[in-house]
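Beneath this line is the structure, given in structure tokens, with notes to follow.
The values are calculated or read from the model by the stated rules, or taken from the named source; none is laboratory data. Note that the structure is predicted; figures quoted are calculated from it, not measured. Cβ: placed from backbone, ideal geometry, glycine included. Neighbour counts: every protein chain shown. We work out accessible area using only protein heavy atoms, side chains counted, and drop any ligands, DNA or RNA first. Shrake-Rupley method; radii C 1.70, N 1.55, O 1.52, S 1.80 Å.
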Amino acid sequence: MLSAFVAVSEAKLAALKAAEQPIPAPVPVRALVDTGASCTCIDPSVLSALNLTPTGNVSLNTASSGQTPHSADQYDVGFVIPNGNTPLFLRTIPVVATELLAAQGFHALLGRDILAHCILVYNGDMGFFTLAF
């Protein structure tokens with residue numbers, strides 16, 4: 001797990017500024033690092049807090065869906081992983097809305113689309129990981 005922020009995308013930010021509309025504050029999330037997920041998934045409650053609308057629809061296969069894909073809304077967001085003076089700041093990245101298990105303490109699955117911008121080292125013996133970018 002790691003702490004991150006989900007924000008409006010660069011295009012949405014520009015549109016809100018041009019329309020002199022309020023800009024929603026970034027939403028803090030706990031993200032589960034998931035090397036098995038090809039894309040990052042965000043709980044719909046986070047996306048609605050940012051007042052976002054879908055930019056598309058994708059078909060997903062999950063462990064629970066088996067061979068039958070299900071449809072999910074896709075959104076463009078900004079994504080930030082803080083790290084002292086040099087955070088990872090992705091101004092626009094597509095994510096998928098997925099009901100996640102908030103009771104387990106996370107609202108995002110950090111997929112390989114974001115991990116592709118990082119170096120991930122997993123130390124299983126010690127039970128921790130290092131993420132560099």
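Residues of the range 75-94 that are over 17 Å from Val8 (Cα atoms) and in contact (Cβ under 8 Å) with a residue 40 or more places away in the chain: Asn83, Thr86.
Just one of Ala103, Ala97, Ala72 is free of Cβ contacts under 8 Å to residues at least 40 places away in the same chain, over 13 Å from Val33 (Cβ atoms) and open to solvent by less than 50 Å² (accessible area, probe 1.4 Å); which is it?
Numbers: Ala103 fails: open to solvent by less than 50 Å² (accessible area, probe 1.4 Å); Ala97 fails: free of Cβ contacts under 8 Å to residues at least 40 places away in the same chain.
Step by step, each of Ala103, Ala97, Ala72 is checked, and only Ala72 is free of Cβ contacts under 8 Å to residues at least 40 places away in the same chain, over 13 Å from Val33 (Cβ atoms) and open to solvent by less than 50 Å² (accessible area, probe 1.4 Å).
Hey, any hits in the range 19-40 for a residue that's under 17 Å from Ile114 (Cβ atoms), in contact with a His (Cβ under 7 Å, 6 or more places away or on another chain), touching a residue at least 40 places away in the same chain (Cβ under 8 Å) and open to solvent by 50 Å² or more (accessible area, probe 1.4 Å)?
Yes, the range 19-40 contains a residue that is under 17 Å from Ile114 (Cβ atoms), in contact with a His (Cβ under 7 Å, 6 or more places away or on another chain), touching a residue at least 40 places away in the same chain (Cβ under 8 Å) and open to solvent by 50 Å² or more (accessible area, probe 1.4 Å).
Restricting attention to the range 122-133, the residues that are open to solvent by 70 Å² or more (accessible area, probe 1.4 Å) and in a loop (DSSP other than H, G, I, E, B) total 3. Only a single item in (1) in contact with a strand residue (DSSP E or B) (Cβ under 7 Å, 6 or more places away or on another chain); (2) touching a residue at least 24 places away in the same chain (Cβ under 8 Å) is not met by Ser45, and it is number (1).
On the given criteria, is Ala14 open to solvent by 40 Å² or more (accessible area, probe 1.4 Å), assigned to a loop (DSSP other than H, G, I, E, B) and more than 21 Å from Asp113 (Cβ to Cβ)? No: the conditions fail for Ala14.
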